Amino acid sequence: MAITWNDSWNTKITVIDQQHRKLVNLVNDLGEAMRVGKSKEVVNDVLTVLVDYTKTHFRAEEALMRQHGYSELAEHQKIHEEFVNKVSEFKLKVESGNTVVSIAIYNFLSDWLVNHIKGEDQKYIPILQGKA
Ligand code: FEO
């Protein structure tokens, strides 16, 4: 249960790539905490760090898109917002201690983040590359 970074996911925008790699590492930390059967509290703590850092990354990415006049900012922002809302709902379920739900959340988080990084986030490369 771990994501291996693939260089084809790089945007070649240094700050973004650093943040994306950190996100992948945090998802892997979450997977590891679940795999070794860490307590509900530890899993919750790791999930909280991941969610907080995801929000930090989204804010930074949106600021860059805004700064450089990315035409699909509003749409991208909406995708971020929907993800944060969904994860917040999930987080409440994890706090209830349901392990099956926790694994479903891990799968959702890891699939969503990888697909977003190699999909939606690749679209702004022509606008931001060489500027950040
Ligand atoms: Fe890198 Fe749109 O999140």
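The values are calculated or read from the model by the stated rules, or taken from the named source; none is laboratory data. Worth saying up front: this structure is predicted, and the values here are computed from it rather than measured. Heads up, the Cβs are rebuilt from the backbone with ideal geometry, glycines too, and the neighbour counts pull from every protein chain shown. To get the accessible areas, we keep the full protein, side chains included, count just its heavy atoms, and leave off ligands, DNA and RNA. Shrake-Rupley method; radii C 1.70, N 1.55, O 1.52, S 1.80 Å.
Cβ-Cβ distances below 8 Å connect the following pairs, each with a first residue in the stretch 1-18 that is free of Cβ contacts under 8 Å to residues at least 60 places away in the same chain, a second residue that is in a helix (DSSP H, G or I) and not polar (S, T, N, Q), and a separation of six or more residues or different chains: Ala2/Gly31; Ala2/Glu32; Trp5/Arg21; Trp5/Val24; Asn10/Asp17.
For the subset of the stretch 116-132 comprising residues that are assigned to a loop (DSSP other than H, G, I, E, B) and not hydrophobic (A, V, I, L, M, F, W, C), which member is nearest to the ligand (Cβ to nearest atom)? If you could, list the steps in order and put the result at the bottom.
Applying the first criterion (assigned to a loop (DSSP other than H, G, I, E, B)) to the stretch 116-132 yields 119, 129-132.
If we keep only those that are not hydrophobic (A, V, I, L, M, F, W, C) as well, we get 119, 129-131.
Working: Gly119: 9, Gln129: 14, Gly130: 18, Lys131: 16 Å.
In this case the residue turns out to be Gly119.
Restricting the first member to the stretch 102-118 and to residues that are charged (D, E, K, R), and the second to residues that are open to solvent by 10 Å² or more (accessible area, probe 1.4 Å), the beta-carbon pairs closer than 8 Å and six or more apart or on different chains are Lys118/Asn6; Lys118/Ser8; Lys118/Trp9. Count of the stretch 37-62 residues, restricted to those that are away from the ligand (no atom under 15 Å from the Cβ), over 15 Å from Lys93 (Cβ atoms), open to solvent by 70 Å² or more (accessible area, probe 1.4 Å) and not in a loop (DSSP other than H, G, I, E, B), is 3.
Any residue at all in the stretch 82-102 that is open to solvent by 70 Å² or more (accessible area, probe 1.4 Å), among the acidic types (Asp, Glu) and within 14 Å of Phe58 (Cβ to Cβ)?
Step one: list which residues in the stretch 82-102 are open to solvent by 70 Å² or more (accessible area, probe 1.4 Å), which gives 82, 85-86, 89, 92-93, 95-96, 99-100.
In the following step, the residues that additionally are among the acidic types (Asp, Glu) were identified as 82, 89, 95.
Filter once more, keeping what is within 14 Å of Phe58 (Cβ to Cβ): 82.
Checked the stretch 82-102: at least one residue is open to solvent by 70 Å² or more (accessible area, probe 1.4 Å), among the acidic types (Asp, Glu) and within 14 Å of Phe58 (Cβ to Cβ).
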